[in-house]
1. Any idea how far apart A:Lys117 and B:Lys95 come out in nm if each label point goes 7 Å out from Cα toward Cβ?
2. If you fit an axis through the alpha-carbon atoms of helix B:117-134 and take the longest principal axis of the Cα set of chain B, what angle between them do you get, 0 to 90°, nearest 10?
3. Given A:Cys35, A:Ser109, A:Ser226, which one lies farthest toward the positive end of the charge dipole of chain A, if we put +1 on the Cβ of every Lys and Arg and -1 on the Cβ of every Asp and Glu?
4. What FRET efficiency, computed as 1/(1 + (r/R0)^6) with R0 = 22 Å and r the Cβ-Cβ distance, is obtained for B:Glu118 and B:Val43, rounded to the nearest 0.05?
5. By counting other Cβ atoms within 10 Å of each Cβ, how are B:Glu174, A:Glu221 ranked from fewest to most?
6. Check the straight Cα-Cα distances from B:Lys154 and name the lysines below 20 Å, setting aside those fewer than 8 residues away within the same chain.
7. Helix B:101-112 versus the longest principal axis of chain B: what angle, 0 to 90°, nearest 10, using Cα atoms?
8. Give the lysines reachable from A:Lys117 as a straight Cα distance under 28 Å; neighbours fewer than 8 places away on the same chain don't count.
Amino acid sequence: LGCHEISNETLLSNSATTGFPYPLPWSKLLENIYCVFNAVSIVLFDPFIKSLASARKRHGIHSQLAAFEPYIKDVTYISPSLPDIDMPMEIPSNVHLVGPILLPIQPLSRGDSDLIKWLQKGPTVLVNLGSFQEGTIDQAREMASGLHILFNSHPAVQVLWKFRAVEGSNADKEIEAILRHEIKSGRIRVQSWLHSEPLSLLQSGFIVAAVHHGGANSWFEATWYSTPFPLNLTV
Amino acid sequence: MNTRNSVLFLTNSEYGQSNVVLAVIHELLATDRLDIHVASWPVLESRIQALTSQRLEPKAKPGKNQIKFHPIPGVGMLDATFKNYTISIDSIPHKPGYAGGTRFRELAPKVLACWTPEEHVAMVDWFGDLAMTLKPDLVVVDPFLSPAHDMVKKLNWKYAVLSPCSLAAALIPEQPRLAVLWKYPWYVNLFGLS
């Protein structure tokens, strides 16, 4: 799980994914152990980590770097997850999976009446890979081609796609070339910014699927509104 | 006489990290039982102030329901990563499993040690000074803000971790019979960060 926007966590989560299923099949056992020790090797041998560790030690800090000591038994932990939607695991009593931790949500009607009119036309797929995400031409082509297949197989479905092209990449033009008809007919809206909060959109009931980048906020928000979410981990 | 307890939130300012902090503060303001302090980067300040103005009833007594914002010097987590290292967007996606190992070893330290050692220890000191000045009854830390963890551990301050994420990464290594190796795919949840 990463977060709503691209953050360091997104960088990491997309770099740390083994892609293996749970429970781990025996055929992947050795590879999985390799991946664990690969991570441990960073703690032990990486020059950046080592120089940070020695600077901390010189400064009288003798604990582990927080990332390498993610659980301490007498510290209280609070998370918006729930046991039923998380990995099956034993949860100690100092760890509180409390469910949604959200600010009050602004209803859509306050903002964008034009958007609401459009949403009412049909079931809508929201594609949002985070506010800081910038798409390359290759990503634009892949995703636009995927959406093209969706449009052909599901004639009623429309798409709201938050996409910001990498500057000077022509990624926008690639999308226009592939989805020319759908853009023209209004079946897809490609916007560099979502003017409404993703939560307001999910709450509106018009969104039938939310494609996101695996960020924790996106993950949980889609879950709270029972919105199916295919993941796109190419950010 | 001030008998109110106080809480100090130390958080990154990115939306994904700070949304849960804002939501908790929103609730705390409603109960009006705590003095609330937030230390983060200045971009978060306007969102914090907006919470106060939403919550403040016209007849509220001055001085109540206030949040004190303390801007952290220097740059935030994501900006620090990009300032201190060269990371191209293209280098982030990688192959699954063994094949992705090398790239992962290149990328992970740049995120885990996003601040330079000098910046990191300076932040530990800054957080320490802030805690000594405010003497909060509880410090609530963002799981990603590693200098804040260093401070609360070094000064033995009472703290809790408020995470926007699943805690699977923190808990899987604690599962019995070394299940981290054979039962759980070593996946997105690395080092308790996601």
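1. Label at A:Lys117, label at B:Lys95, 5.2 nm between them.
2. 30
3. A:Ser109
4. The calculated FRET efficiency here is 0.45.
5. By the 10 Å Cβ count, ascending, the order reads B:Glu174, A:Glu221.
6. A:Lys50, A:Lys57, A:Lys73, B:Lys135
7. Between the helix axis and the principal axis of chain B, the angle is about 20 degrees.
8. Those lysines meeting the cut-off are A:Lys162, A:Lys173, A:Lys184.
No value in this document is a laboratory result; all are computed from the given coordinates. Remember, predicted model here, so these are calculated numbers, not experimental data. Quick reminder, even Gly has a Cβ in these numbers, built from the backbone with ideal geometry, and neighbours come from all protein chains shown.
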